[in-house]
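The values are calculated or read from the model by the stated rules, or taken from the named source; none is laboratory data. Please read all numbers here as calculations on a predicted model, not as lab measurements. In this analysis, Cβ positions are derived from the backbone assuming ideal geometry, glycine residues included, and neighbour counts consider all displayed protein chains. These accessible areas exclude ligands, DNA and RNA; they are computed on the full protein's heavy atoms, side chains included. Shrake-Rupley method; radii C 1.70, N 1.55, O 1.52, S 1.80 Å.
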Amino acid sequence: MTSLQEAFDPDQFRQSAHQVVDFLADMLGDSQSGTQEKVLPWADPQSALEEIQRWAAEARPDSSSDLANGLAGDRALQLFQKTFSRSIRLHHPHFMGHQISPTLPVASLAGFVSDYLNNGMGVYEMGIAGTTMERFVVQAAARQFGMGDGADGFLTSGGTLGNLTAMLAARSIKAPGDVWVDGNQQLLAVLVSDQAHYCIDRAARVMGWGKDGVILVPTDAAFKMRTDQLDSCLEQAATNGRKVIAVVGSACSTATGSFDDLVAIGEFCRHNDLWFHVDGAHGAAASFSSKYKRRVAGIELADSVTMDFHKMLLTPALATALVFKEAKHSQCAFTQQADYLWDEESGSRSGNTEYYDLARRTFECTKTMTSLKVFSILAIHGAEIFDANVTRLFDLSQSFASLLETADDFELALQPKANIVCYRYVPEHLKTIDDEQDSAENEVAVDDLNRRLRTKLAADGKFYIVQTKLNGRHWLRSTISNPLTDDEHFLALLQEIRDVANELVN
Ligand SMILES: *Cc1c(COP(=O)(O)O)cnc(C)c1O
């Protein structure tokens, strides 16, 4: 057997796959039984790099290492076990950090199968199942948003790319002239709240609009866009020679999980003939929750919506839907010709509105079979599991907020509207008192304490939380992502924070 034949050996594959699945199932069990101590097995970048260089050496059969004498399958298992040992664990109930979902087991398996199949998806014949599943998934999302049968869209690689693609479509429809052919003929801009995700700013700059291509609408005390300011922002833009083509509503914002008033933005856009895009990368998933879907009321008015399945919908990253209320708009982001990819007879040259041949509409050419991951969840568990998960995460976040409010030594930044909670630790001796001088010093000390707390928590690895700046002050931030997290884990986190703070002071 040649080394290639050996590497493709079906029996080896079967054996190592079984071993790997057994291992992952054990880890899933450990994360639930509380026997897995760390959520983040921290290592500094230099020592982590040295470590993985050792792994590479040990995984070779001719290595002198004792570990390396087993079969290829055993060596694969060992390699993946080591990988696990240095990876953050999203299934751990103490994972309360950035916005990403623990993967549902069936969706992990879908990932495994789709990586085996490796269908390229750019054209229909390179992914028949994947392409048609993608349509199914996008239509399920559109229905959830309350859009009619006329909606259409596609899956793409992340909210960032989804938002850029939506802005490209908005430009092609609302900008004067043919920008795709002639370039920007006029200074363009988009209105977003000052809490919008940085990718909107990036999209504007990528499109050549410069830093003034994004006009920031101020937010209120709950970090929601002040829609009463939209008119004056629009006027100001015109005075500065900028043509505004779109408004982006955040549903929800990244830092605090605040939902903009989509009904108000939708009406403003209709009135002023502007494109209405909803950046629902994180929060559009609320539309699956019967209890919380009112958070995104007005989403059905949007011309386009971005929604990540990998943030609250249990799907492996990256899995993002970009949905257009009008199917024909989903063809507009890229209007250049790439004729060798498409069948002339299907009419691809002029106004083809067929959904297949996805690369016409997506930034990607070769694309992963993301749809299988979402489709497998929908087919096997039904949309009910999305409802159950979002509802559970939002409920849990309110429960966490109540615990923070009851604790004398913690402050809650604002009532959570999604599964994002911002808070800080304020021990008795740093509480703000009346004397102005003292309170300014205390603020600095509280910010500093919370910053150091967060760093030490990450290094200890027993809990994972992140941080953010709100109005110039430092806050701890948790995205409640694991539906198996519970109040006891929140209480344990608060105690851990107190203990770590004591260690830092002493
Ligand atoms: C996470 C997020 C994004 C970026 O999405 P990715 O999938 O990480 O590229 C964009 N907008 C908002 C509001 C987000 O929360």
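For T132, the criteria (1) surrounded by 19 or more Cβ atoms within 10 Å (Cβ to Cβ); (2) more than 16 Å from the ligand (Cβ to nearest atom); (3) over 30 Å from M27 (Cα atoms) hold in every case but one, which is (1). Number of residues in the stretch 240-264 that are within 16 Å of the ligand (Cβ to nearest atom) and under 20 Å from A204 (Cβ atoms): the value is 10. Scanning the stretch 463-490 for residues that are surrounded by fewer than 22 Cβ atoms within 10 Å (Cβ to Cβ) and under 16 Å from the mean Cα position of the chain (by Cα) yields a count of 1.
Does K293 qualify as being within 25 Å of R171 (Cα to Cα), open to solvent by 50 Å² or more (accessible area, probe 1.4 Å) and either more than 16 Å from the ligand (Cβ to nearest atom) or modelled with pLDDT under 95 (or both)? No, not satisfied.
Number of residues in the stretch 221-252 that are assigned to a loop (DSSP other than H, G, I, E, B) and in contact with a strand residue (DSSP E or B) (Cβ under 7 Å, 6 or more places away or on another chain) equals 3. Residues in the stretch 48-69 that are in a loop (DSSP other than H, G, I, E, B) and open to solvent by 90 Å² or more (accessible area, probe 1.4 Å) were compared, and the one that is modelled with the lowest pLDDT is S64. Among the residues that make up the stretch 162-181, is at least one of them aromatic (F, W, Y) and modelled with pLDDT of 95 or more? Within the stretch 162-181 (the criterion being aromatic (F, W, Y) and modelled with pLDDT of 95 or more), the answer is no, since none of the residues qualifies. Taken over the stretch 160-182, the residue count meeting the criterion of being open to solvent by 20 Å² or more (accessible area, probe 1.4 Å), part of a helix (DSSP H, G or I), away from the ligand (no atom under 13 Å from the Cβ) and not polar (S, T, N, Q) is 6. In the set (1) away from the ligand (no atom under 16 Å from the Cβ); (2) among the aromatic types (F, W, Y); (3) under 12 Å from V305 (Cα atoms), F154 fails one condition alone, (1). If you go through the stretch 80-99 and pick out every residue that is touching a residue at least 60 places away in the same chain (Cβ under 8 Å), open to solvent by 30 Å² or more (accessible area, probe 1.4 Å) and not in a loop (DSSP other than H, G, I, E, B), you end up with 2.
Residues are listed down the side, and each one gets a yes or a no for (1) within 17 Å of G257 (Cβ to Cβ); (2) assigned to a helix (DSSP H, G or I):
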| residue | (1), (2) |
| --- | --- |
| A388 | no, yes |
| Y423 | yes, no |
| H429 | no, yes |
| I433 | no, no |
| Q437 | no, yes |
| E441 | no, yes |
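A quick yes/no check of all residues on (1) hydrophobic (A, V, I, L, M, F, W, C); (2) in a loop (DSSP other than H, G, I, E, B); (3) modelled with pLDDT under 95; (4) in contact with a Phe, Trp or Tyr (Cβ under 8 Å, 6 or more places away or on another chain):
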site: L322; (1), (2), (3), (4): yes, no, no, yes
site: H329; (1), (2), (3), (4): no, no, yes, no
site: Q336; (1), (2), (3), (4): no, yes, yes, yes
site: G351; (1), (2), (3), (4): no, yes, yes, no
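None of Q185, Q144, Q229, Q236 is surrounded by 22 or more Cβ atoms within 10 Å (Cβ to Cβ) and away from the ligand (no atom under 16 Å from the Cβ) except Q144. Residues that are of a type outside the set (S, T, N, Q) and within 12 Å of the ligand (Cβ to nearest atom) within the stretch 317-327 comprise A317, L318, A319, A321, L322, listed in sequence order. Within the set L314, L318, the sole residue that is in a loop (DSSP other than H, G, I, E, B), touching a Pro at 6+ places or on another chain (Cβ under 9 Å), farther than 25 Å from I265 by Cβ and at pLDDT 95 or above turns out to be L314.
Within the stretch 190-208, being open to solvent by less than 10 Å² (accessible area, probe 1.4 Å) and either in a helix (DSSP H, G or I) or out of contact with any Ser or Thr (no Cβ under 9 Å at 6 or more places or on another chain) (or both) holds for V190, L191, C199, I200, A203, A204.
Being farther than 29 Å from T485 by Cβ and open to solvent by 70 Å² or more (accessible area, probe 1.4 Å) is a condition met by at least one residue of the stretch 416-432. Against the list (1) farther than 30 Å from F154 by Cβ; (2) in contact with a Leu (Cβ under 7 Å, 6 or more places away or on another chain); (3) touching a residue at least 60 places away in the same chain (Cβ under 8 Å), the condition I480 fails is (1).
Taking the listed residues A7, A25, the one that is open to solvent by less than 80 Å² (accessible area, probe 1.4 Å) and either closer than 25 Å to L493 by Cβ or not polar (S, T, N, Q) (or both) is A25, with no other qualifying. Assess whether A222 counts as being within 13 Å of the ligand (Cβ to nearest atom), in contact with a Leu (Cβ under 9 Å, 6 or more places away or on another chain), in contact (Cβ under 8 Å) with a residue 24 or more places away in the chain and open to solvent by 10 Å² or more (accessible area, probe 1.4 Å). No: the conditions fail for A222.
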